[in-house]
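Please treat every number below as a calculation from the coordinates, not as lab data. Here the structure is a predicted model, which means the values were calculated and not measured. So basically every Cβ, Gly included, is an ideal-geometry build from the backbone, and we count neighbours across all protein chains shown.
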Amino acid sequence: MSLVSLPGFTAEGLLPPGDYVLKLGEIQESMLVLGPVGRTSWDRDWRARLVENLAVLIGQLRQVGISDIFIDGSFVEDKDHPNDIDGYFVCELPFLASGALERELNLLDPHKIWTWDPDSRRPYQGYPKKQLPMWHQYRVELYPHYGQPSGISDKFGNELEFPSAFRMSRRDGQRRGIVKIGGEQ
């Protein structure tokens, strides 16, 4: 079994600050799926399934011309069983605002899960937060970024854009690493 090199998690369980460019196949072979050396409680099967689901969505994004895609959240933290994969992708505002992005993506997805409409969120057993259709189908949430605030604030109350918000821990505001999805396999 090959292990793609990523730095180990910090004492706080985070990837050290930085952008780590990995192809999907490299993610499958990294500690993000295989776990830290010697860890037996790491849920490799679940994490591998999350990456397979992520691959479906990334394939659709690439088909509509989206190439800058980033993932983070508990999936890239020292957590045996993350709930999901969170991330964002860079797109042009007119493509999103016109509805063309959503329409084109839903033409590709058999479950028609591409929407960020708050009214589309549904509850899931035991979770306090309602989830988007893509989460219910794939357990992945990817948000469009065109320069807008994320809804996440720093410790001073300043609202952050996705690139900044996703590079800090929501627990304590500490800087952390993020994975940028690299080119084709």
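Miscellaneous remarks
- Likely footprinting exposure, Thr40, Thr10, fewest C-beta neighbours within 10 Å first: Thr40, Thr10
- In this Cβ point-charge picture (+1 for Lys and Arg, -1 for Asp and Glu), the chain has a dipole of about 340 debye about its Cα centre.
- Contact order relative to length of the chain, as percent, for alpha carbon pairs under 8 angstrom and 6 or more apart: 27
- Where a label projected 7 Å from the Cα of Ser67 along Cα→Cβ would reach, residues of region 166-185 with amide N under 18 Å: 180-185
- Between Glu92 and Arg175, full extension at 0.36 nm per residue minus the direct alpha carbon distance yields a gain of 27.2 nm.
- Global form of region 37-80, assessed from the alpha-carbon gyration tensor, a/c cut-off 1.5: prolate
- Peptides 98-105, 153-160, ordered by how many other C-beta atoms sit within 10 Å of their residues on average, highest first, read 98-105, 153-160.
- Helix axis angle, 44-63 relative to the chain longest principal axis, alpha carbon, degrees: 40
- The C-alpha radius of gyration of region 18-181, expressed as a fraction of 2.2 N^0.38 Å, stands at 1.03.
- Residues of type lysines that Lys112 reaches as a straight line, Cα spacing below 19 Å, ignoring anything fewer than 8 places off in the same chain: Lys130
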